[in-house]
Every structure is written in C-alpha cells, then in structure tokens.
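Notes follow once the structure below has been shown.
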Ligand SMILES: Cc1ncc(COP(=O)(O)O)c(C=O)c1O
C-alpha cells in the first residue's frame, strides 16, 4: 500500500473537494515493474557514491571493477551459469535481441506464439510455436518443427500476461535431441521460480533487473558453455568480453545483483502467500463474471489474467485506477495504448483478447491490497457491464 498525497492546486479553489486525505494506492502491476527492494536501493546508493569506471587501472577503477565482478558472480551463481558467461545489458529487451542476433546465424528460428514483443520483433517472420488454450506450448508441434533442420528456439519461462509456466526442461531436452539451441526469456520467472540455466539444459537466458526488484537500466544475458564467439549488437570498446560495448551501468548492475540476492533469500513460503492473495482476487472477480485466462496451467503465484466478457480492458484499468488500484491491460505498449493481446489471441480466446486485465502482485503485496481489489472489482464490473447492450453481455466463445 502506498499513500500518495492529493496534488495541491488541482482546479480552481471552489472546485476543490472537501479534504479527503491522501488516496491509498494499491500497486498490483509487478509484472510491469517490481517495486525497488531496500537491498537494491542500498547497493544502488553505495555504487553511485563511489567514483570509478571498471575499465580504469587506478584504485578507484579497480574498486568499481570489483563491484561489477561481484555482481557477475552473484548473478551467475543464482541462475546456474559461469561468471564468464554473464553479459550485462540494459535490460531484457536488449538481452533477448542479443541472444537471437548471436545464436541465430546458420539456424532457422522458432518463437513461442506468446513470447514478449522483444522476442517476436527481434526476428520478424520467424515461425511460431502454437500454444493450447491455457498458453502452454505444444511440444509435439515443436518436435515436428525441429525435424526440419538446425534451429534456434525461443520459449519464455513464464508469460508476462497470464503467468503460464512453460515446460522449459522438456523443451530443452527435445531441442538437444535435435541439435537445436534454446533461448529462454526468464524475465518473469526469475526471482519467483527456481531458474537454473545448467539444470534446465537451455543454451541462454534473459533477465531484467526491474522485474525482480532491482532498478531499471540493467539486465543480463546468460550463456551456456556452448556459447559461440561474441557477436555484439553494440560494437566498441570490447567491454563484457566483446559481447556488449559501452561503460556498464554499474550502479544499476549492483542494484540488480542485490535484488537477485534478496529474492533468493525470500521466505520459501512466499509463493504460497502470494497465491493466497491471488485466490482472494480471483474469487471476487469470478463472482462478478470474470474469466481467469490460463487457469488450467501451472502459473506464477503472483499473476492472474482476468477477462470481463464484453468490457474493454482499458475501461477496466481506468475504473480500477480511479479506485486506487494499479493493474495493466494485457501488455500495454510504450504509448500507453491498449491493443488486443497477442498472447490471449494465440490461446484462442477470441474477443476476450481485448477484454482482459493483468493483476500481478509485487513482492511486498499485502492482504489489504488483495482485499481492496476484492472490494472494488464487483461494483466496477457491474457498472461497466451495466453500460453494455444485452447482446454484448454474451460470454465470448
Ligand atoms: C517476458 C518479458 N520479456 C522481456 C521484457 C522486457 O524487459 P525490459 O523491460 O528489461 O526490457 C518484459 C517486460 O515487460 C517481459 O515481461
């Protein structure tokens, strides 16, 4: 819960409502960005306070280098890679683009149909791996595609809109059987589920700092031992062992590593706690006529995708925002515009693809946050559905 003071001077004096006190906000949009963890803030502040470029040879540069290599070791250890194969990037969009750029030469590319746009846009025209109605990738279809020649496959560990978990270990085993490489976008699963590159048998992994409680501006591409020679998207000074030139954003990287450590230390009961809060939210939503998308699949404990038949997603987001609750409409693009979700469309959900909101609980979500949603949603749903013509109320196929 966050208290945000009412902005002063909004409107003429006579229009100012009687003092209502600060609005209590409930931030339920963790999959867009997790709140900064205190450990990450402390590491960020400490790194910002010290001068030095990790490439400089003097004592300050060497201290900066030590900070960078500590972060690399932390990240490698947490996600089952060798420190030498951790490439820090600006975030996961860059990590996904770098992986597909570096691993694709000589291979055909297959992308999961529900991948994030940063993956889909990196290889336009690539073949798509279909998913079922819960968003789970069809591994029989994958086996059939893999028989066609050397492949690079990208399959996300957990979907950002529905939380659906993919069978990554099984997909990796299949890829290895056919000599294919598997890139895993682990952005939403990292810090929430056990993700280990070596144990999964994948070839590369993309991570984003701000999705696990670090600051925006740092992410990583982790490569397996079969990694090819560097093929940077950004050539230049040879930083990151030739994989990514440019002075690394050291403070953001230190904050990212601190968030990785903090997430790893989190109570083992945390997923159950979040699943309990999510159950409160889903119960209220289902009671008000919503459909849970992907409910039949194993999902991230913090995520639910709720479709309200006949009601546009952006109307739901705005109504909840006015009630002090922050959620997303599927994947909002940078312009803030809401398009029909390609994820829900790939799941065969038809018109529901533009009628679903994503509720994603942050690491610091409380019972009060879930209760606030459960209290606000039924009246909002009734009001928005009441504004529809009867024909529009029919549940979508
Ligand atoms: C699954 C997934 N992959 C990649 C990204 C891109 O991450 P970043 O914001 O670090 O570029 C996101 C962000 O929403 C995401 O949810």
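For residue 227, the criteria (1) at pLDDT 95 or above; (2) touching a helix residue (DSSP H, G or I) at 6+ places or on another chain (Cβ under 9 Å) hold in every case but one, which is (1). Scanning segment 116-131 for residues that are touching a strand residue (DSSP E or B) at 6+ places or on another chain (Cβ under 7 Å) and near the ligand (Cβ under 9 Å from one of its atoms) returns 116, 119.
Tell me, which residue of segment 197-208 that is more than 7 Å from the ligand (Cβ to nearest atom) and in contact with a strand residue (DSSP E or B) (Cβ under 9 Å, 6 or more places away or on another chain) is nearest to residue 35 (Cα to Cα)? If we take residues in segment 197-208 being more than 7 Å from the ligand (Cβ to nearest atom) and in contact with a strand residue (DSSP E or B) (Cβ under 9 Å, 6 or more places away or on another chain), then 207 is nearest to residue 35 (Cα to Cα).
Can you tell me how many residues within segment 91-108 are more than 15 Å from the chain's Cα centre (by Cα) and within 16 Å of the ligand (Cβ to nearest atom)? Total meeting the criteria: 5.
Being within 24 Å of residue 119 (Cα to Cα), at pLDDT below 95 and in a loop (DSSP other than H, G, I, E, B) is a description that does not apply to residue 297. Of all the residues in segment 314-361, those that are in contact with a helix residue (DSSP H, G or I) (Cβ under 6 Å, 6 or more places away or on another chain), assigned to a loop (DSSP other than H, G, I, E, B), at pLDDT 95 or above and farther than 22 Å from residue 280 by Cα number 1. Of the residues making up segment 192-251, those that are within 21 Å of the chain's Cα centre (by Cα), in a loop (DSSP other than H, G, I, E, B) and in contact (Cβ under 8 Å) with a residue 60 or more places away in the chain are 192, 195, 196, 203, 212, 213, 214, 215, 216, 217, 218, 249.
Does residue 113 satisfy being more than 25 Å from residue 76 (Cα to Cα), in contact with a helix residue (DSSP H, G or I) (Cβ under 9 Å, 6 or more places away or on another chain) and within 14 Å of the ligand (Cβ to nearest atom)? For residue 113, the condition - more than 25 Å from residue 76 (Cα to Cα), in contact with a helix residue (DSSP H, G or I) (Cβ under 9 Å, 6 or more places away or on another chain) and within 14 Å of the ligand (Cβ to nearest atom) - is met. Here is the figure for segment 17-36: residues that are assigned to a loop (DSSP other than H, G, I, E, B), away from the ligand (no atom under 16 Å from the Cβ) and either modelled with pLDDT of 95 or more or farther than 30 Å from residue 328 by Cα (or both) total 1.
Of all residues in segment 147-164, those being buried (at least 21 other Cβ atoms within 10 Å of the Cβ) and either away from the ligand (no atom under 16 Å from the Cβ) or outside any loop (DSSP other than H, G, I, E, B) (or both) number 6.
Given the criterion in contact with a strand residue (DSSP E or B) (Cβ under 9 Å, 6 or more places away or on another chain) and either within 15 Å of residue 250 (Cβ to Cβ) or outside any helix (DSSP H, G or I) (or both), identify the matching residue among 63, 81, 46.
None of the others qualify; the one that does is 81.
Inspect all residues belonging to segment 231-243 and state whether any of them is surrounded by 24 or more Cβ atoms within 10 Å (Cβ to Cβ) and either modelled with pLDDT under 95 or closer than 25 Å to residue 298 by Cβ (or both). Checked against the condition, which is being surrounded by 24 or more Cβ atoms within 10 Å (Cβ to Cβ) and either modelled with pLDDT under 95 or closer than 25 Å to residue 298 by Cβ (or both), segment 231-243 yields no hits at all.
Would you check if there is a residue in segment 170-185 being within 11 Å of the ligand (Cβ to nearest atom), under 20 Å from residue 344 (Cα atoms), in a loop (DSSP other than H, G, I, E, B) and touching a helix residue (DSSP H, G or I) at 6+ places or on another chain (Cβ under 8 Å)? No. Scanning segment 209-245 for residues that are within 13 Å of the ligand (Cβ to nearest atom) and closer than 18 Å to residue 99 by Cβ turns up 209, 211, 218, 219, 220, 221.
Answer yes or no as to whether residue 257 is surrounded by fewer than 16 Cβ atoms within 10 Å (Cβ to Cβ) and under 18 Å from the mean Cα position of the chain (by Cα).
Judged against the criteria, residue 257 is not a match.
Residues of segment 66-78 that are within 21 Å of residue 169 (Cα to Cα), touching a strand residue (DSSP E or B) at 6+ places or on another chain (Cβ under 9 Å) and either assigned to a loop (DSSP other than H, G, I, E, B) or away from the ligand (no atom under 16 Å from the Cβ) (or both): 76, 78.
The values are calculated or read from the model by the stated rules, or taken from the named source; none is laboratory data. Note that the coordinates shown come from a computational prediction; the quantities given were computed from them, not determined experimentally. Note: ideal-geometry Cβ built from the backbone for every residue, glycine included; neighbour counts use all protein chains shown.
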